[in-house]
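Read the structure below first, then the notes.
The values are calculated or read from the model by the stated rules, or taken from the named source; none is laboratory data. All values reported here derive from a predicted model rather than from experimental measurement. Glycine gets a Cβ as well: all are built from the backbone with ideal geometry, and neighbour counts include every protein chain shown. These accessible areas exclude ligands, DNA and RNA; they are computed on the full protein's heavy atoms, side chains included. Shrake-Rupley method; radii C 1.70, N 1.55, O 1.52, S 1.80 Å.
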Amino acid sequence: MKINTIEKEQFDAFAKKHKYRNYYQTSTYASIMSNFNYEISYIGIYNEEDKLIGTSLLLLQNAFMKNKIAYAPRGILFDFTEKKDTLELVEALKNDLGRKGILSLRIDPAIPITIRDCKGNIINVNNEANVIMKNLKEAGFSYKGQNLYFETEKPRWEAISLLQKDIREIYKTFDKRCRNKINKAIKCGIEVYRDDEKDITQLYDFIKRKEKKPFKYYKTICDQFAENADVFYVKLNTEQFVINSKKLYEEEFDKNEKISKKFQEQAQKKESKKELFNQKVISDKLLNIYKSNLIFATNVLKENPNGLIIGGGINIIYDNAAFMITEGYDPKYVNLNSNYLLKWRMLCSYKAEKLKYFNLNAITGNFDKKNKYAKLNEMKLGFNCAVTEYIGEYDIILNNFKYNIYKNLNKK
């Protein structure tokens, strides 16, 4: 087995047909990362008959002098089920890459271990996964472990909404809280639209609140993926926001008045009185909330008579599926649940376009309600998503001597 540098056209031709293909292993993604201090390399893995049997995009970073460290995002695209081939691959990596000054390699293949339901119950197992993980270990890769959170370069757990059923049937499968929040967002005057210009200037103001990546990163994604990149915006219709807030307040005010009247009429009936008292307490609380919301909505309308952008998200389309790259929103309007409606409108759009599924990106592998990321899980899994658990991240040292020098230099 040997490894050669190949042209991006040859790499793309092989990669797009591989069983575990993904958008990270594309020359488009390579073009994006070349703008951020990464050197790009495409490697081809050949067997003894000189047949191409594997490939990978490598992102290279300078370590010291002319030596580099490498990362194969969601790669290598290779059949790791054969132990002999995996062992030979490692030797080839050391011989061909290690001697060229690549000190170490990190991989995190898009190979699933399990598919789970939204509650974390296993519904399907990849029988190859345990064999692959065993072979990687025996070949000398060190394993980061089956982590539950975000300890690795790419998430080990992802939430995926399948789009095969009728859109109404899909909606019915959502968690009740999810449906309620979608409806609340609609009633508050939230609107979602796709920006054909793919202008992320306003959107980045919301994204940067939680992401460390620069504006240029997301702009480059939209430019490079071009027609396969989608930018969605969430807009608050401020006039409708006031109308709906006023309607909720007036409806609750009338209800509160009726409860008060009944309370006075049935003053002698203890059981009814207690029940009505509890209803009155609840209604009073709601009335105060709706009154505050109406005042807030009125002020927002005065300042933004033409509406207000409060969030949005970026997706890319690859292999007949949509992938959420990032999303963001104005925390001042978090109670309007715009992020729920955003995902629902995206999902409806992609269903109409006959895509296979919508990947909502990372969640945690801890399905406990006490999990510190429980709200993240609740939001995404509320869409009745399936969960993909990947094998995780592996590292291997390709040149021990130089890598030890690199480590010592880093310590200093």
Flag for LYS51 being open to solvent by 60 Å² or more (accessible area, probe 1.4 Å) and modelled with pLDDT under 95: no
Within segment 348-358, identify whether any single residue is open to solvent by 60 Å² or more (accessible area, probe 1.4 Å), among the charged types (D, E, K, R) and part of a helix (DSSP H, G or I), and answer yes or no. no
Residue pairs meeting the criteria (Cβ under 7 Å; at least 6 apart or on separate chains; first at negative phi and touching a residue at least 12 places away in the same chain (Cβ under 8 Å), in segment 111-136; second surrounded by fewer than 17 Cβ atoms within 10 Å (Cβ to Cβ) and assigned to a helix (DSSP H, G or I)): ASN135/LYS83
Answer with yes or no whether ALA297 is assigned to a helix (DSSP H, G or I), in contact with a Phe, Trp or Tyr (Cβ under 6 Å, 6 or more places away or on another chain) and either within 28 Å of TYR249 (Cα to Cα) or open to solvent by less than 40 Å² (accessible area, probe 1.4 Å) (or both). yes
Residue under question is ALA159, and the condition is that it be farther than 23 Å from TYR333 by Cβ, open to solvent by less than 20 Å² (accessible area, probe 1.4 Å) and part of a strand (DSSP E or B); does it hold? yes
With the requirement that a residue be part of a loop (DSSP other than H, G, I, E, B) and either free of Cβ contacts under 8 Å to residues at least 24 places away in the same chain or open to solvent by 20 Å² or more (accessible area, probe 1.4 Å) (or both), what does segment 59-93 give you? MET65, LYS66, ASP79, THR81, GLU82
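On the given criteria, is LYS134 open to solvent by 20 Å² or more (accessible area, probe 1.4 Å), of a type in the set (Lys, Arg) and part of a loop (DSSP other than H, G, I, E, B)? Spell out how you get there, then give the answer.
Details: open to solvent by 20 Å² or more (accessible area, probe 1.4 Å): yes; of a type in the set (Lys, Arg): yes; part of a loop (DSSP other than H, G, I, E, B): no.
The answer is no for LYS134.
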Would you call LEU97 touching a residue at least 60 places away in the same chain (Cβ under 8 Å) and crowded, with 19+ Cβ neighbours inside 10 Å? yes
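Any idea which of GLU393, GLU378 is among the charged types (D, E, K, R) and open to solvent by less than 10 Å² (accessible area, probe 1.4 Å)?
GLU393
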ASN399 being open to solvent by less than 40 Å² (accessible area, probe 1.4 Å), within 30 Å of ALA92 (Cα to Cα) and at pLDDT below 95: yes
